[in-house]
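So the structure is just underneath, and the comments pick up after that.
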Amino acid sequence: MNAESKNFINLGVVLNEKGEVLLIQRVKEEKGKDGSVLRWAFPGGKQKFEESREDCVEREVLAETGYQIKCTKQISLRVHPQIQHVIIAYHLCRLTEPQPIQKPSEPHEVAQIKWVKPKEMKILFTTSLDPGVAKELKIA
């Protein structure tokens, strides 16, 4: 982790063999300053000391969902719409195993894990979808 990484949230856009996207429902919903509520999200989180963004995503996805993944590319970066001075990095990821390899270790953060078709995300998301992610998933 370098000086800038503490200001990054790294999220995994994980696709399965059916083209579905892995989402998590948060235990604690976060209210934005604009009144929006974050319920469903891509798995991910903040970096640990001396951890790369990709390693962070791989660790967080495993902890939150039990799935082992590999980051293949960074899709986009954007300023967090609700938190000043925080940047969100979205990473395209692939499964390394088709089934979870462990039980999620963060049940206090994740209420539900769900695979959805990309177009269904618009129904579940109550916050704005990053334009780069929408383009990557062909739902722009």
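Every number in this text was worked out from the coordinates using simple rules, so none of it is lab data. Note that the structure is predicted; figures quoted are calculated from it, not measured. A quick note on method: Cβ atoms are made from the backbone with ideal geometry, for glycine too, and the neighbour counts reach across all protein chains shown.
Projecting the Cα positions of S76, I9, I101 onto the charge dipole of the chain (unit charges on Cβ atoms of Lys, Arg, Asp and Glu, taken about the Cα centre) puts S76 furthest along the positive direction. Given Cα pairs under 8 Å that are at least 6 residues apart, what percent is the relative contact order of segment 5-132? Across segment 5-132, relative contact order equals 34 percent. Only beta bridges with both residues in the chain are counted; by DSSP, about 75 percent of them are antiparallel. Partners of K70 within straight-line reach, counting lysines whose Cα lies under 29 Å from its Cα and excluding those fewer than 8 residues away in the same chain: K6, K18, K28, K46, K48, K103, K114, K117, K119, K122, K135, K138.
A cut-off under 12 angstrom between Cβ atoms defines the neighbours of E120, and their net charge, with Lys, Arg +1 and Asp, Glu -1, is +3.
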